[in-house]
Amino acid sequence: LIKMASINIKSLNKFYGKTHVIKDFSLEIKDQSFTTLVGPSGCGKSTLLRMIAGLEEVNSGTISINDKQVNDLSPKDRNIAMVFQSYALYPHMTVFDNMAFGLKLEKKSNEEINERVLDAAKTLQIQDYLKRKPKQLSGGQRQRVAIGRAIVRNPKVFLFDEPLSNLDANLRVKMRMEIANLKRKLKTTMVYVTHDQVEAMTLADKIVVLRNGCIEQVGTPLELYHHPCNKFVAGFIGLPKINFFEAFVTKLARQEINIELPSKKIVSVPIGSSENFKTIHIGSKILVGIRSEHIKTTRPEDADFIGRVNVVEHLGSETYLYASGSRGVTLLVRVEGDNPLEVGDAVYLSFDKSRFHLFFDKVKLLVE
Ligand code: ADP
């Protein structure tokens with residue numbers, strides 16, 4: 001059974017009344033790829049997923065699966081399975097019957113139903129619970145039944161809408177790994193909505209960052225992490241969050257730019273391309289983004305930033321320091337777990353300038 005399924009979305013628009021929630025949205029999803037949709041609450045992730053599933057009408061634009069337009073196909077004819085945050089299991093049915101329900105509707109033979117349910121149950125390690133009712137299961141087991149119910153139908157596309165957000169932290173980690181295994185085993189196309197950074201980063205082949213119904217950036221997890229195309233993506237992707245502060249341009253050359261840091265120190269930053277320079281001039285205010293692992297504590301004479309420790313968070317393997325300094329800037333710095341700095345201590349920091357993300361207006365300057 002070959003389950004090819006590429007999804008092609010073109011110029012999709014969705015209105016709820018007068019509210020334009022999906023705006024001229026286009027995206028190509030490759031066969032057998034795992035795509036996560038992330039973005040702030042209300043940006044349209046669920047709506048998009050529900051439109052792919054056929055649960056929500058399209059106002060304009062097209063959704064195609066394997067080049068066949070599916071806009072007018074009913075959900076059951078799209079060969080798509082969706083797994084929700086609320087497991088939506090039938091409480092009065094056993095696990096087996098919950099998983100078999102869709103197949104019975106499709107009038108499959110008992111033999112085939114048995115085989116498919118047992119197969120899925122084994123994959124998900126719930127074969128011992130088939131006779132139980134949902135209320136006799138833990139949250140993680142219930143979510144596995146919900147996934148099992150989707151698997152037995154052998155869909156071409158799996159859609160997940162925040163499937164793990166009702167689970168406690170430990171179970172989440174476990175289920176995340178199970179979904180990663182499923183992805184390898186089932187080789188179907190998967191689209192996964194989450195607000196969990198770690199799920200988005202670890203599961204995805206491609207992450208789509210949405211904002212107000214539009215795409216901000218599409219890329220592999222590490223592309224988005226290391227090369228965010230704008231301030232929004234830089235601030236959205238990555239935990240702990242990237243640091244931002246303002247700086248002023250003091251010199252512009254072909255392949256470098258000098259900027260004055262909040263400490264008044266002037267540093268030179270290697271620039272990959274000067275094509276965006278036209279609107280920048282000496283004195284321009286630019287925004288610098290720097291991730292916490294690219295800031296180090298250093299000797300006072302080498303400091304790019306001098307501050308005081310505001311907050312210390314010991315996580316065991318590492319420690320987060322919040323350091324406040326010149327111009328009211330606070331930076332989050334990741335240091336070793338047994339770092340002795342305490343609240344109130346002076347702290348001297350240096351930046352890896354080659355890791356600066358420089359933003360000017362809506363433009364990103366490429367740092368070499
Ligand atoms: P997300 O999943 O990213 O949190 P949603 O897709 O659920 O966002 O919602 C996108 C926007 O559409 C939000 O502003 C939300 O309030 C609105 N919305 C969602 N469903 C409906 C609905 N059935 N009727 C009216 N507005 C809706």
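The values are calculated or read from the model by the stated rules, or taken from the named source; none is laboratory data. Everything quoted here is computed from the prediction, not taken from an experiment. All Cβ positions, even for glycine, are placed from backbone atoms using ideal geometry, and neighbour counts span all protein chains on display. Ligands, DNA and RNA are excluded from the accessible area calculation, which covers all protein heavy atoms including side chains. Shrake-Rupley method; radii C 1.70, N 1.55, O 1.52, S 1.80 Å.
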In whole angstrom, the spacing between the Cα centers of the stretch 223-246 and the stretch 48-75 equals 32 Å
note: the stretch 146-262, Cα-Cα separations exceeding 20 Å make up a percent value of 55 percent
Residue span F248 to E313: 0.36 nm per residue of separation minus Cα-Cα distance leaves a gain in nm of 20.3 nm
Rounded to one decimal in nm, the spacing of the 7 Å Cα→Cβ label points at N212 and N110 is 6.0 nm
D (µm²/s, integer) via Stokes-Einstein for the stretch 253-308, Kirkwood Rh across alpha-carbon pairs, 4 °C, 1.567 mPa s: value 98 µm²/s
So S326 and N59, fully extended at 0.36 nm per residue minus their Cα-Cα distance, gain in nm 91.0 nm
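Report the extension gain between Q127 and H20 in nm, rounded to one decimal, defined as 0.36 nm multiplied by the number of residues separating them, less their alpha carbon distance.
34.0 nm
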Any GluC sites (Glu not before Pro) in the stretch 1-109 that lie in a DSSP loop and have at most 13 other Cβ atoms within 10 Å would be E57, E106
proj_area_mean for the chain (convex hull on C-alpha atoms), units nm², value 22.5 nm²
The base-10 log of I(q)/I(0) that the Debye equation returns for the stretch 10-167 at q = 0.11, 0.17 Å⁻¹, one scatterer per C-alpha, is -0.50, -1.04
The stretch 93-155: Kirkwood hydrodynamic radius (Cα pairs, Å) comes out at 11.3 Å
Kirkwood Rh over alpha-carbon pairs of the stretch 77-191 plugged into Stokes-Einstein at 37 °C, 0.692 mPa s gives a D in µm²/s of 233 µm²/s
Working note, the stretch 1-103: Cα radius of gyration (Å, one decimal) and Dmax (Å, whole number) are 15.3, 44
SASA check, H281, accessible area w/ 1.4 Å probe, all protein chains in place, rounded to nearest 10 Å², comes out at 110 Å²
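Within the stretch 1-78, which trypsin sites (Lys or Arg not before Pro) sit in a loop by DSSP and count at most 12 neighbouring Cβ atoms inside 10 Å?
Sites meeting the loop and neighbour criteria: K18.
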Straight-line reach check, K264, cutoff 21 Å on alpha carbons, 8 or more apart in-chain or any other chain, hits among lysines -> K251, K285, K296, K353
From highest to lowest solvent-accessible area (probe 1.4 Å; ligands, DNA and RNA excluded), R291, R211 read R211, R291
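When the solvent-accessible surface of protein heavy atoms is calculated with a 1.4 angstrom probe, in what order do E111, E246, E162 fall, highest first?
Greatest to least solvent exposure: E111, E246, E162.
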Restricted to pairs 8 or more residues apart or on different chains, the lysines in the stretch 134-234 with C-alpha atoms under 25 Å apart form a number of pairs equal to 14
Among trypsin sites (Lys or Arg not before Pro) in the stretch 106-175, those in a DSSP loop whose Cβ has at most 16 other Cβ atoms within 10 Å are K107, K131, R132
With all protein chains in place and a 1.4 Å probe, C214 shows an accessible area in Å² (nearest 10) of 50 Å²
Within the stretch 1-95, pairs of Lys residues whose Cα atoms are less than 17 angstrom apart, provided they are eight or more positions apart or on distinct chains, add up to 12
